[in-house]
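The values are calculated or read from the model by the stated rules, or taken from the named source; none is laboratory data. The model shown is predicted, which means the values in this text are computed figures rather than measured ones. Cβ placement follows ideal geometry from the backbone for every residue including glycine, while neighbour counts extend to all protein chains displayed.
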There are 2 protein chains.
Amino acid sequence: MGYRHEQAIGKGEEAQHRVDVVVPTGEMIAELIIVGTELLLGEVVDTNSAYMAQRLAELGIDLYYVNRVGDNRKRIAQLVQQAHERADLVIISGGLGPTADDLTKEAVADAFGLELVLCQDALADIEEHFRRLNRVMSENNKRQAYLPKGATALPNPKGTAPGVLLELSGGKAVVMLPGVPVELKAIMEDSVIPYIRRKLGEENRATIYYKVLRFYGLGESAIDNIVQDIIAAQTNPTIAPYAGSGEVRLRITAKAANESEALRLIEPVERQLLERLGPYFYGYGDEGLEIVVARLLLAQKKTVAVAESCTGGLISHKLTNVAGSSGYYMQGAVTYSNAAKTAVLGVEPELLTRFGAVSKQVAKAMAEGVRKWAGTDIGLSVTGIAGPGGGSAAKPVGLVYFGVSYPQDTKVFGRQFAGDRLQVKERAALAALDILRRYLLGNLGEELED
Amino acid sequence: MGYRHEQAIGKGEEAQHRVDVVVPTGEMIAELIIVGTELLLGEVVDTNSAYMAQRLAELGIDLYYVNRVGDNRKRIAQLVQQAHERADLVIISGGLGPTADDLTKEAVADAFGLELVLCQDALADIEEHFRRLNRVMSENNKRQAYLPKGATALPNPKGTAPGVLLELSGGKAVVMLPGVPVELKAIMEDSVIPYIRRKLGEENRATIYYKVLRFYGLGESAIDNIVQDIIAAQTNPTIAPYAGSGEVRLRITAKAANESEALRLIEPVERQLLERLGPYFYGYGDEGLEIVVARLLLAQKKTVAVAESCTGGLISHKLTNVAGSSGYYMQGAVTYSNAAKTAVLGVEPELLTRFGAVSKQVAKAMAEGVRKWAGTDIGLSVTGIAGPGGGSAAKPVGLVYFGVSYPQDTKVFGRQFAGDRLQVKERAALAALDILRRYLLGNLGEELED
C-alpha cells in the first residue's frame with residue numbers, strides 16, 4: 001500500500017552492500033518553517049519538509065524542529081526569530097508567491113528589522129521567465145523581486161519566485177524558498193545545497209553511513225525484546241528499530257572515516273542481529289517483499305500462479321508492481337465464489353461443503369489447482385475471511401489459510417490477522433509473499449497439522 | 001490506493017443527502033506536535049497532520065502551528081509547554097510505542113510536573129488485544145499502559161497503544177495519539193472528536209455544513225476553468241475544488257441556522273455545477289468509484305467478472321475492497337502472458353500476433369472471453385503497457401485498452417495515461433471502474449472506431 005514509484009528488481013547484492021552516506025552530525029543545526037494556511041486546513045499534504053529533511057540528513061545536518069504556520073505575518077516573524085535562536089540555518093518554504101497573502105519576505109524583514117528593496121537581477125529573471133513563456137507579466141509579479149535588504153536572490157529555473165538567502169551575524173543564515181515542490185527542489189539542489197557544502201567545508205564531510213535491515217513476521221516490540229541488549233550496548237554503530245506497514249526495520253548507523261571502515265563497524269552488528277532474527281529477516285533498504293520474491297523467482301527461473309479469494313487480486317497486484325514481472329508471473333485467478341473455485345481450480349464441491357471455503361483443505365486444493373491451471377512451477381493460494389461480515393466463533397474475521405504447491409508437495413499454513421477488511425487483505429497479501437519467499441529459500445517452516 | 005477503512009455500500013441516498021456539520025471558528029485554538037525522528041530524517045512523509053488539520057478545520061477549530069520534533073524527551077517537553085501556552089487543545093502524535101525511544105508520555109509528564117502511573121483499564125485492553133490475536137504480550141508492551149497522573153486512556157481499537165487525554169486547568173487539554181495512521185484515526189474518530197464536540201457545547205454547534213461532489217475524467221484546472229465564474233460569484237455557500245488521486249472534488253460549504261436551510265442554500269449551486277460537469281460527476285462524500293459501482297451492480301442484480309493484464313489484479317482488488325462484494329463479484333483472471341489470454345479467455349492466437357496483446361481487438365476478445373468464462377452478466381477487460389519497458393513509438397508506455405462485454409454487445413475504449421508503472425496501473429483501474437459505472441448508467445459514450 002502506498003506505492004508511488006517504480007519497483008525495480010535491481011541486482012540485489014547492490015542493496016545488500018550499499019551503505020548510505022551521511023556527513024557527521026553536530027556541525028550545523030537547521031530548522032524548517034513551512035508556511036501556508038492550506039496546510040493548516042489539511043487540504044494539502046506537506047511533502048516539501050520530508051524532502052528537505054532527507055537532504056539535510058544526508059548532509060549530516062541536525063534537524064530538531066519542523067514548524068508549520070499559516071499565512072500570518074506576525075506569527076511567521078515570531079517563528080523565524082525563535083528558529084534563528086535555536087538553529088544555524090533556517091529554511092522557510094512557501095509564501096513567496098505574487099498575491100497579497102504571500103508574506104514570508106515581509107515577515108523575515110520584520111524579524112530582523114530590515115526593509116524590502118527591489119533586486120534588479122531578480123526582476124530581470126522574472127521578466128525573462130515571462131518572455132520565454134510568451135506570457136504577459138502581471139504587476140503583482142514585481143513583488144517577487146523585492147528582498148530583505150542585504151539578501152541575495154537564488155535563481156528559480158522552474159518558476160517566477162526567486163529563492164532568497166539572508167546571511168546574518170555569527171555565521172547564521174535564513175533561506176526562503178517557494179512552496180511549489182519542483183521549484184523548491186530546483187533551488188535547493190542548484191543553490192542551497194552547494195551553499196551548505198561550502199559552509200561545512202569539504203574537510204568536514206561524509207563520515208556517517210547507515211544500512212537498513214527489513215523483517216517480516218515479528219512486531220516492533222517483539223523484535224525490540226529480542227535484540228534490546230544489542231541495541232543498548234551499541235554506541236557506534238547505533239541501532240534504531242522502526243515499524244513499517246506490516247513489517248519492522250532496523251537501521252544501523254555508523255560514524256567512520258570512510259565507507260570500508262563503516263562496513264567493518266556495521267558488519268559484526270548486522271551478523272549479531274541476524275543470528276537472533278535471521279528467520280524473520282528478508283531484505284535491505286527500500287526493497288519490499290515483492291522485490292525480494294521477484295529476484296528469487298528470476299534467479300531460480302521459476303514461474304508462479306496465484307489463486308486468491310479474500311485478498312481479491314492484491315497479491316497479483318503486488319507481484320506485478322515489479323517491473324519485469326512477466327518473467328515469473330504468468331497468470332492469476334481471483335476465485336471469489338465457491339463455483340469459481342470449482343470451475344477454475346477444480347476444487348471438489350465436497351471439500352467446500354464439508355470443510356468450508358475457508359479451510360486448510362480448500363487452500364491446499366486451490367494451490368494445487370492453480371498450479372495445474374496455469375502450468376507454472378509454483379501455485380500460491382489464499383482463502384480467508386476479510387470481514388466485516390462472514391465470521392463465526394470457529395472461524396473469526398481475519399482467519400486466513402495459505403497454500404503453496406510445487407512439484408514435490410503442497411503445504412498449508414494458517415494465520416489470524418487483526419484489523420479491518422483492508423488491513424486483513426494487506427496483511428494476508430504480505431504473509432502470502434513471505435510464504436513464497438520462504439519456499440524459494442527452502443525454509444518453509446512448519447505447516448498446519450492435520 | 002491509500003484505502004485504510006472499510007468500504008461500505010450503504011444506502012446511497014444517505015451519502016447524497018448528507019451534509020457534514022461543522023461548528024463556527026474562533027471557539028477553540030488547537031496546536032499539533034508530530035513526534036518522530038524518522039520524520040526529521042525525511043524517511044516518512046507525515047500524513048497524520050493533514051488528516052488532523054482537516055478534521056479540526058471541519059470542527060471550526062483554529063490551528064496556527066504544527067510542530068514536528070524528534071524522539072527527544074527534553075525538546076518534546078519544551079514544545080508541549082509552548083503549545084499549551086498558545087492553544088487550548090494540544091494534540092501530539094507518535095512516541096507511544098513500546099520501545100525505549102518512545103517518550104511522549106514521559107515528556108508530557110515532565111512538562112506538567114506529573115508522574116507516570118499504571119492504568120489498569122489500559123493494561124486490561126492491551127492484554128485483551130494480545131489474547132484476541134493469540135499472541136504473547138511482551139513485557140515492554142506494559143509500558144504502554146502507563147499514563148501521566150490524572151490522565152484518561154482513550155481506547156485503541158486497532159492496536160496496543162491507547163491514546164491519552166490529559167485535562168488541565170483553564171479548560172485546556174493535551175491529547176496523545178499513536179503515530180500509526182489507522183490507530184490515530186480510529187482514536188480521533190471514536191474519542192477525540194466526540195470529546196471536542198462536548199467541549200464546544202451543543203449551543204455552539206452546527207452552523208456550517210458542507211457537501212462534497214466527486215468527479216472523474218477531468219483535471220482540477222479544467223474543472224476550475226469550466227466553473228470558475230460560479231465559484232467566484234458565490235459567498236454562501238462557497239465552493240472549493242481539490243484534487244484527489246485521479247479525480248477532483250468540489251466542496252460546497254454553507255453557513256446556515258440549520259440543516260434544511262443549508263440544503264436549501266446548497267441545492268441550487270449543486271444543480272448549477274452539475275449542469276456543466278454532469279458527465280464527469282460520479283458521487284458524493286467519501287464514496288469512491290468502487291462503492292458507486294457496487295451499489296449500481298447490486299441494485300441492478302448484475303454480476304461482473306474481470307480480465308486484467310497490465311493492472312495485474314488491481315481492479316479485482318478494488319472491487320473486493322467493498323464489504324458485500326460477493327454479491328456482484330464472482331471471479332477474475334489476471335492473464336499476464338499471451339498464453340494465459342488464449343488458454344483462459346479464449347483469445348485467438350491470431351489476434352495476438354496480428355494486433356498485439358495491447359490492442360482494441362484483444363481487449364474486446366478478453367472482455368467477451370471473461371464473461372463467458374465466468375458466466376456473469378458483464379465482462380470487463382484491461383490490456384495495456386504499464387512500463388517502464390515495453391513501449392514503442394506506436395504503442396507508448398501508458399497506452400491502455402478497455403473492453404466491456406454485456407448481453408447485447410461489447411464495446412472498446414482506449415486511453416493514454418501519464419506517470420510511472422504504479423500510477424499507470426492505478427489510473428487504468430479507475431478508468432475501468434468508470435467505464436463499468438457508465439455502462440450501468442446506460443451512458444457508455446463513444447467507443448473507439450474501427
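Residues checked against (1) more than 11 Å from chain B (Cβ to nearest Cβ); (2) buried (at least 22 other Cβ atoms within 10 Å of the Cβ); (3) touching a Pro at 6+ places or on another chain (Cβ under 7 Å):
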residue: A:Glu348; (1), (2), (3): yes, no, no
residue: A:Arg354; (1), (2), (3): yes, no, no
residue: A:Val382; (1), (2), (3): yes, yes, no
residue: A:Ala386; (1), (2), (3): no, yes, no
residue: A:Gly390; (1), (2), (3): no, no, no
residue: A:Gly403; (1), (2), (3): yes, yes, no
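Of the residues B:Ala299, B:Ala256, the single one that is over 23 Å from the mean Cα position of the chain (by Cα) and farther than 30 Å from B:Tyr406 by Cα is B:Ala256.
The conditions of being within 11 Å of chain B (Cβ to nearest Cβ), within 30 Å of the chain's Cα centre (by Cα), within 21 Å of A:Gly313 (Cβ to Cβ) and surrounded by 24 or more Cβ atoms within 10 Å (Cβ to Cβ) are met by A:Gly398.
In the condition set (1) more than 10 Å from chain A (Cβ to nearest Cβ); (2) within 18 Å of A:Val344 (Cβ to Cβ); (3) in contact (Cβ under 8 Å) with a residue 12 or more places away in the chain, B:Thr342 is compliant with all but (3).
Among the residues of segment A:405-450, the one identified as assigned to a strand (DSSP E or B) and either in contact with a Cys (Cβ under 8 Å, 6 or more places away or on another chain) or acidic (Asp, Glu) (or both) is A:Asp409. Of the residues that sit in segment B:134-164 and are of a type in the set (A, V, I, L, M) and surrounded by 15 or more Cβ atoms within 10 Å (Cβ to Cβ), which one is modelled with the lowest pLDDT? Only one residue fits best here, namely B:Met137. None of A:Ala243, A:Ala256, A:Ala222 is under 23 Å from A:Ala57 (Cα atoms), surrounded by 15 or more Cβ atoms within 10 Å (Cβ to Cβ) and in contact with a Ser or Thr (Cβ under 7 Å, 6 or more places away or on another chain) except A:Ala256.
Test of understanding: among A:Pro148, A:Pro98, which residue is under 26 Å from A:Ile33 (Cα atoms) and in contact (Cβ under 8 Å) with a residue 60 or more places away in the chain? Selected residue: A:Pro98, the only one of A:Pro148, A:Pro98 that is under 26 Å from A:Ile33 (Cα atoms) and in contact (Cβ under 8 Å) with a residue 60 or more places away in the chain. Scanning segment B:366-380 for residues that are surrounded by fewer than 24 Cβ atoms within 10 Å (Cβ to Cβ) and part of a strand (DSSP E or B) yields one hit, B:Ile378. Only one entry in A:Ser309, A:Ser392, A:Ser337 is hydroxyl-bearing (Ser, Thr, Tyr) and closer than 26 Å to A:Asn443 by Cα, namely A:Ser309. Selection of strands (runs of 3 or more DSSP E) fully inside segment A:229-327 by the criterion of at least 2 residues being closer than 24 Å to A:Glu368 by Cβ and at pLDDT 95 or above returns A:304-308.
Residues in segment A:133-142 that are more than 38 Å from the chain's Cα centre (by Cα) and in a helix (DSSP H, G or I): A:Glu139, A:Asn140, A:Lys142. Of the residues examined, B:Thr311 is one that is buried (at least 24 other Cβ atoms within 10 Å of the Cβ) and assigned by TED's automatic domain parsing to the domain that holds B:Ile435. For B:Glu287, indicate whether it is at the interface with another protein chain (Cβ under 8 Å from one of its Cβ atoms) and either buried (at least 23 other Cβ atoms within 10 Å of the Cβ) or not β-branched (Val, Ile, Thr) (or both). So B:Glu287 fails the test. Applying the set (1) touching a residue at least 40 places away in the same chain (Cβ under 8 Å); (2) loosely packed, with under 15 Cβ neighbours inside 10 Å; (3) assigned to a loop (DSSP other than H, G, I, E, B) to A:Arg197 leaves exactly one unmet item: (3). With respect to the stated conditions, B:Asp110 is more than 17 Å from B:Ile34 (Cα to Cα), modelled with pLDDT of 95 or more and not hydrophobic (A, V, I, L, M, F, W, C).
On the basis of being among the polar types (S, T, N, Q), surrounded by fewer than 16 Cβ atoms within 10 Å (Cβ to Cβ) and in contact with a Leu (Cβ under 8 Å, 6 or more places away or on another chain), does A:Asn236 make the cut? Judged against the criteria, A:Asn236 is a match. Test A:Lys360 against the stated conditions and say whether it is basic (Lys, Arg), more than 9 Å from every other protein chain (Cβ to nearest Cβ) and either more than 21 Å from A:Leu436 (Cα to Cα) or touching a Leu at 6+ places or on another chain (Cβ under 6 Å) (or both). It is true that A:Lys360 is basic (Lys, Arg), more than 9 Å from every other protein chain (Cβ to nearest Cβ) and either more than 21 Å from A:Leu436 (Cα to Cα) or touching a Leu at 6+ places or on another chain (Cβ under 6 Å) (or both). The condition (being under 15 Å from A:Gly179 (Cα atoms) and in contact (Cβ under 8 Å) with a residue 12 or more places away in the chain) is satisfied by just one residue among A:Asp46, A:Asp88, A:Asp62: A:Asp46.
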